[in-house]
Amino acid sequence: MKKNVRTIVYLMILVVVAGGIYLWSQNSSGEDLLGGLDPDSYDVEATCAGVEDHNLICNAGNDTYLYLDDVDVFLQKIDTTVDEKGDETTKVSYKNSSIEDLKKKTEAGEVSIRMWLTTTGKVQRIMVLEQSYDNNNASLSSLDGLEPSSFTSSNTILSMNKNGMKLAPINYNEKEPEKFEGFIKNYQFARDVKFYSETVKITVDSENKEVNKNIQFAKTTYQKIKDNLEYADNAYIWFNQYGNISAVMIFTEARVRDMEE
């Protein structure tokens, strides 16, 4: 009888430990630290070069963002592997961070960040992006050695001509002009500016959950981008040392249903 009781107790302990391990694995990504914030709901994505006098100096010094005293700062770690066919696997985790930590990171080099703005255009939340890539995508060969993740900023293209582009933050909303006031600017093309495209195909199941993500890169031209601007107006932008646009990569995404279900 005692042996049976002891066995039952051991089994109960195993169940509790297994349950604890499962719950830890579910929460180990740290997403609960965000308090329900959608990581993809940001207003602006930029490259931060420094923190000075309550300002974030971004995009090769072209843009300055004033942050609130009680600004929330998070760290998003993204580990990405892309195989030769362009199929991507990504692991994401989150931690709390601070303005002081961001400033230290910028002292070592430029840092990719995402920002959430108030209705008056001040920064109320910051997501610092820490990314690692193992990219074996065969289509990278079309980019002339350009590293896709090295872009200076991501933007919405409002208009373009032979000399340059009018750019707004990536999540620009014309119904909220006050939020984006001061962040819509005209930029000149560098003499040797180059144009590329990134096409992302996301396969989802019947519940719209991602099953597979495939990425393909290609060269394109100024004219092709201009002709299709209303359909492909989101882009990654590279600036040179003079603040001119040296490269543009149009970004398009399509979600398709998994036909093997």
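The values are calculated or read from the model by the stated rules, or taken from the named source; none is laboratory data. None of these values were measured; they are calculated from a predicted model. Cβ atoms come from the backbone with ideal geometry, glycine included; neighbour counts cover every protein chain shown.
Miscellaneous remarks
- Residue, surrounded by the fewest Cβ atoms within 10 Å (Cβ to Cβ), within the stretch 88-118, restricted to residues that are hydrophobic (A, V, I, L, M, F, W, C) and in contact (Cβ under 8 Å) with a residue 60 or more places away in the chain: VAL92
- You will find that of ASN96, ASN161, the residue that is modelled with pLDDT of 95 or more and farther than 25 Å from PHE239 by Cα is ASN96 and no other.
- Checking each residue in the stretch 244-261 for being among the hydrophobic types (A, V, I, L, M, F, W, C), out of contact with any Asp or Glu (no Cβ under 6 Å at 6 or more places or on another chain) and modelled with pLDDT under 95 picks out ALA254, VAL256, MET259.
- Residue in the stretch 73-93 that is charged (D, E, K, R) and under 29 Å from GLY243 (Cα atoms) present: yes
- Just one of the listed residues (ASN240, ASN244, ASN212, ASN234) is farther than 25 Å from ASN135 by Cβ and of a type outside the set (D, E, K, R), namely ASN244.
- Residue count for the stretch 161-178, restricted to those that are surrounded by fewer than 20 Cβ atoms within 10 Å (Cβ to Cβ) and over 17 Å from ASN62 (Cβ atoms): 8
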